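I have placed the structure first, in the form of structure tokens, so that the comments after it can refer back to it.
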Amino acid sequence: LDIVRLKDYRPPDWLVPNVALDFDLDGPVTVVRATLSVVRNGLHDRPLVLDGSRLETSWVEIDGARVNATPQGDTLTLAIAGDRATVTSEVRIQPAANSRLMGLYASEGRLVTQCEAEGFRAITWFPDRPDVLSSYTVRLAADKARYPVLLSNGDPGVLEDLGDGRHAITWTDPWPKPCYLFALVAGDLVAREDSFTTMSGRKVRLAIWTAEADLPRSAHAMAALKASMAWDEQAYGREYDLGEFNIVAVADFNAGAMENKGLNIFNSKYVLADAETATDADFDAVAAVVAHEYFHNWTGNRVTCRDWFQLSLKEGLTVFRDQQFSADQGSAAVRRIDDVRGLRAVQFPEDAGPLAHPIRPDHYAEIANFYTATIYNKGAEVIRMLHTLLGADGYRRGADLYFDRHDGQAVTCEDWLAAMESASKRDLGQFRRWYEQAGTPRIEVHAARAGRILTVALSQRLAATPGQSVKPLMHIPFRLAVIGRTSGKRIGAERLVELTGPETRITFEGLDEPVLLSLNRGFSAPVVVDAQASRADLAFLAAADDDPFARWEAMQRLALDVLATDDDPAELVAAVGATLAAGEAGSLDAAFVAEAVLLPTEAFIGDQAKMVDVEAIHRRREAARTAIATVFEDRWWAAYRRHSGSGTALTPEAKGARRLANVALAYLVTAGSADAVAAAATQYADAVTMTDRLGALTALINTSTPERDTALADFHARFAGNNDVIDKWFTAQALASRSDTLDRVEALLGHPDFNPANPNRLRALVGAFAANQRHFHAASGAGYRLLAGQLLAVDKINPQSAARLAVPLGRWKRFDPARQALMRAELERIVGTAGVSKDVLEMASRALA
Ligand code: B3K
Ligand code: ZN
């Protein structure tokens, strides 16, 4: 494997201020003519080196003269005499045969592009790196009937009729951009149109393009787009900068969406939503992704990355921005809990295993493998910590300065930090380590009481990660408070402590009653907290902590403590009862209650132990679930009756009610009465939202009842042809804990609707199955074999999709020796397979290390 290293970064030898692209899109072969104006960058005599991948080159000219240019593998080297030249080339590419979904490819008969990170080289010869910024003029010519809509970045010219049943249009993007932001779309699409007037009074035309049948499902995305545009003006002072903004929904897409300048291309899963087909979580995800891609217009596009090691510069920042946006739109507390749950489910294990890397990595073989939860979600936590340390005003001044200084540039994480430092006058020297060091810090907490004073000692510990054995101390903002053990009230103000040394001591004075610590409030830092607390104290905090995150966390800690043993879960059951009571009394809202009464997942319980005991975790968790279900059966019924039937409204209250009703229904079915199964079947049949229909199906999925089979069959028939919904049908079965799950998944691999070339479908079945701890980690190793087999098959179609499937096998160190051997054997089988892609080879060999 060729390794690319940050320390080898050199500015580009040649710049490309202008690009003209001419696409002839008809037929199985697309002809691409590119005209690059190239300018020597600095004093040197090096040639122009262009990147290309799988291009069939017809000819190359320098200043109008043909040159005998022979590509060497994926590069084309051109000797240029002067300091500037015009380089023209013609290549042929075959989008219909492109199953990698990078570059130009076909999806349901439409032509679309995906260029980030290195897809542009599959379209034409070009210095494919983000620090080469160019102004683009793009002409698209195609058959009118097959490709009635022709889109690219920027502003459109007039549609020309070419007279032979074909038409053409030229798009001009006034904003220089790296080639990874180039996009084109051609096909039969219809638009939902709207407009937005910016803060300076410019009217922007908005369009969301979908297949005709999907048009009604784009209303939510449009509303989210307008809300995002307004929010970015108000929260960051950032205004949109083109006359139009287009979003296109595509069925086959490697990622969630892509922020191409003025032409965002989306995985249809993150655009299309209506009550019948999308859950409340889907609605929220659509809004978050629409916002995320829109926010990239400033954090990513106007200010872009110098090189791909800086990926978190745009991704961590933009995730933080979309999290801020989502928190402002609905229930901030529940959003925060959700963000943390996601971080812990994916990023913490990544940071604790062989695939750990800092948010700014310093080497990679295949950059596509670094679109990780660390870059995105830990990256967002790092930006959030800056926001916490600098305060909202200091942070905003820093962001303003960053945009002022770097508009139109390709910059580094260091530039972002330098702007934050200048604007706030704070020294972020030690804080920079968050960018360099992998691993989740642990904070050990010890408290000692003397009279009315409580002294709290907080020490940080950083475990070694691959390639980083010695870890200098971090700068960690840590929020904490004390809660009176008698009064149940917070005593004094919350404190924000900056942990910079090995140990930090703080005191809480004037205490008149016993107290408990409320730690890492709001999850102020992405750390693991090690603190002693009795189960009784955790139960108390779960009822009394005034910080919603810390309150939820107390219940999680209590559950983890109980589920780590074979103890009677009575204390946990009682704490759930107290939370239900607070909900009944109206002192907690339904959305929060629903989150708090859910037990941690089997995977997360496993993450707490040195060695995951798959069977014991399943057994204990089921026992606790059953106890919670049966002890409170009447109250679950009461909660269910009170909260179900909340219609289709998308208010936080209605969403919270649906959530709690479905949690209650799942507990009721677990308790096992025939009435509960009947209620689930009725809810399934009468549902007016996907939240309720899927909630009922999920509640039934682990039962062995005719109602389950009926609902599953109905779901498939009812939503036949709707890919996003059929994905849910696959996922529900892959996540089931029923003992026949592995056989079911094997059978589903042969289902006519299973298409591993579609990344969503692959993730819905195989990706979901790998998250099913009990069955993926079956002692026989059958789960591992299934995954590796799929990975190897998909690698021939789409290496990026395949490489992602290696991640779960990388957790082998956490399992018993027998499972370790089985998991390693599959990784070795993958690494030993001839012709395996670079993407897969890098992931599987890192996972083995
Ligand atoms: N920037 C894109 C990343 C897509 C690249 C996948 N290899 C999506 C996003 O973060 O907005
Ligand atoms: Zn992004």
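The values are calculated or read from the model by the stated rules, or taken from the named source; none is laboratory data. Here the structure is a predicted model, which means the values were calculated and not measured. Methodologically, a virtual Cβ is constructed for each residue, glycine included, from the backbone with ideal geometry; neighbour enumeration extends over all protein chains shown.
Condition test on residue 463, is it assigned to a helix (DSSP H, G or I) and in contact with a Gly (Cβ under 6 Å, 6 or more places away or on another chain)?
no
Restricted to region 269-299, and to residues that are touching a residue at least 60 places away in the same chain (Cβ under 8 Å) and β-branched (Val, Ile, Thr), which residue is farthest from ligand 2 (Cβ to nearest atom)?
Among residues in region 269-299 that are touching a residue at least 60 places away in the same chain (Cβ under 8 Å) and β-branched (Val, Ile, Thr), the one farthest from ligand 2 (Cβ to nearest atom) is 277.
Every residue, every condition in (1) within 14 Å of ligand 2 (Cβ to nearest atom); (2) buried (at least 17 other Cβ atoms within 10 Å of the Cβ); (3) free of Cβ contacts under 8 Å to residues at least 60 places away in the same chain; (4) among the aliphatic types (A, V, I, L, M), yes or no:
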site: 221; (1), (2), (3), (4): no, yes, no, yes
site: 228; (1), (2), (3), (4): yes, yes, no, no
site: 232; (1), (2), (3), (4): no, yes, no, no
site: 263; (1), (2), (3), (4): no, yes, no, yes
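Please give the helices (runs of 4 or more DSSP H) falling wholly within region 760-849 in which 3 or more residues are within 24 Å of the chain's Cα centre (by Cα).
Result: 782-795, 799-804, 838-848.
Of the residues that make up region 422-433, is at least one over 21 Å from residue 322 (Cβ atoms), under 26 Å from the mean Cα position of the chain (by Cα) and of a type in the set (Asp, Glu)?
Checking region 422-433: not a single residue is over 21 Å from residue 322 (Cβ atoms), under 26 Å from the mean Cα position of the chain (by Cα) and of a type in the set (Asp, Glu).
Checking residue 309 against (1) closer than 19 Å to residue 215 by Cα; (2) away from ligand 1 (no atom under 13 Å from the Cβ); (3) crowded, with 22+ Cβ neighbours inside 10 Å: exactly one of these is not met. Which one?
The one condition residue 309 does not meet is (1).
If you check 428, 473, which single one turns out to be in contact with a helix residue (DSSP H, G or I) (Cβ under 7 Å, 6 or more places away or on another chain) and modelled with pLDDT of 95 or more?
Among 428, 473, only 428 is in contact with a helix residue (DSSP H, G or I) (Cβ under 7 Å, 6 or more places away or on another chain) and modelled with pLDDT of 95 or more.
Within the group 509, 498, which residue is over 32 Å from the mean Cα position of the chain (by Cα) and surrounded by fewer than 16 Cβ atoms within 10 Å (Cβ to Cβ)?
The match here is 509.
Which residue, of 316, 379, is in contact with a Phe, Trp or Tyr (Cβ under 7 Å, 6 or more places away or on another chain) and surrounded by 24 or more Cβ atoms within 10 Å (Cβ to Cβ)?
316
crowded, with 20+ Cβ neighbours inside 10 Å and over 20 Å from residue 238 (Cβ atoms), is that true of residue 322?
no
Got a number for residues in region 270-305 being within 16 Å of ligand 1 (Cβ to nearest atom), assigned to a loop (DSSP other than H, G, I, E, B) and closer than 20 Å to residue 254 by Cβ?
The total comes to 4.
Can you go through 299, 318 and tell me which one is hydroxyl-bearing (Ser, Thr, Tyr) and in contact with a strand residue (DSSP E or B) (Cβ under 6 Å, 6 or more places away or on another chain)?
When all the criteria are applied, what remains is 318.
Please give the number of the condition residue 248 fails out of (1) within 16 Å of ligand 2 (Cβ to nearest atom); (2) out of contact with any helix residue (DSSP H, G or I) (no Cβ under 8 Å at 6 or more places or on another chain).
Condition (1) is where residue 248 drops out.
What tally of residues in region 269-292 results from selecting those that are surrounded by fewer than 24 Cβ atoms within 10 Å (Cβ to Cβ) and either of a type in the set (Ser, Thr, Tyr) or touching a strand residue (DSSP E or B) at 6+ places or on another chain (Cβ under 7 Å) (or both)?
The total comes to 3.
Residue-wise test of (1) in contact (Cβ under 8 Å) with a residue 60 or more places away in the chain; (2) within 16 Å of ligand 1 (Cβ to nearest atom); (3) not assigned by TED's automatic domain parsing to the domain that holds residue 728.
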position: 267; (1), (2), (3): yes, yes, yes
position: 314; (1), (2), (3): no, yes, yes
position: 326; (1), (2), (3): no, yes, yes
position: 333; (1), (2), (3): yes, no, yes
position: 345; (1), (2), (3): yes, no, yes
position: 354; (1), (2), (3): yes, no, yes
position: 368; (1), (2), (3): yes, yes, yes
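Sort through 638, 591, 609, 624 and tell me the only one that's outside the structural domain of residue 768 (by TED's automatic domain parsing), under 26 Å from residue 339 (Cβ atoms) and loosely packed, with under 15 Cβ neighbours inside 10 Å.
609
Within the bounds of region 401-419, is there any residue that is within 16 Å of ligand 1 (Cβ to nearest atom), under 19 Å from residue 528 (Cα atoms) and crowded, with 17+ Cβ neighbours inside 10 Å?
The answer is no; no qualifying residue exists.
Test residue 597 against the stated conditions and say whether it is crowded, with 18+ Cβ neighbours inside 10 Å, in contact (Cβ under 8 Å) with a residue 60 or more places away in the chain and of a type in the set (Val, Ile, Thr).
yes
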